[in-house]
1. I'd like the Karplus ³J(HN,Hα) series for segment 57-66: coefficients 6.51, -1.76, 1.60, θ = phi - 60°, whole numbers in Hz, and an x wherever there's a Gly or Pro.
2. If you count, for each residue, the other Cβ atoms within 10 Å and average over each peptide, how do 15-25, 31-41 line up from highest to lowest?
3. Each residue of segment 25-30 in turn: what ³J(HN,Hα) in whole Hz from Karplus with 6.51, -1.76, 1.60 and θ = phi - 60°, glycine and Pro shown as x?
Amino acid sequence: MFAQKQTDHGEFNLATTFFEAAARLGSTFEAHFYLAKIHTLNMRVANEASAPGFCASAVSSFKLVAEWGV
């Protein structure tokens, strides 16, 4: 879904904003899963300076999803 528009960062930013709001307001499982996917895709297209931040966010979100999904 998000991989098709890797170059359009405006949609990534808007999606991130909405998923972060969803995570805060109660839809945590799906929101963290999609946030992790967005951070993973951002990590692939980011420069070397910002990639560690995206990696840590993606790992943290995937960890939460894995713990809740068991």
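Each reported figure results from applying straightforward, stated rules to the coordinates on display, with no laboratory input. If you're wondering where the values come from, they're calculated on a predicted model, not measured in any experiment. When we count neighbours, we look across all protein chains shown, and the Cβ atoms used for this are built from the backbone with ideal geometry, even at glycine.
1. Ordered by residue, 3J(HN,Hα) equals 5, 5, 5, 4, 5, 5, 4, 4, 5, 5 Hz.
2. 31-41, 15-25
3. 9, x, 8, 6, 4, 5
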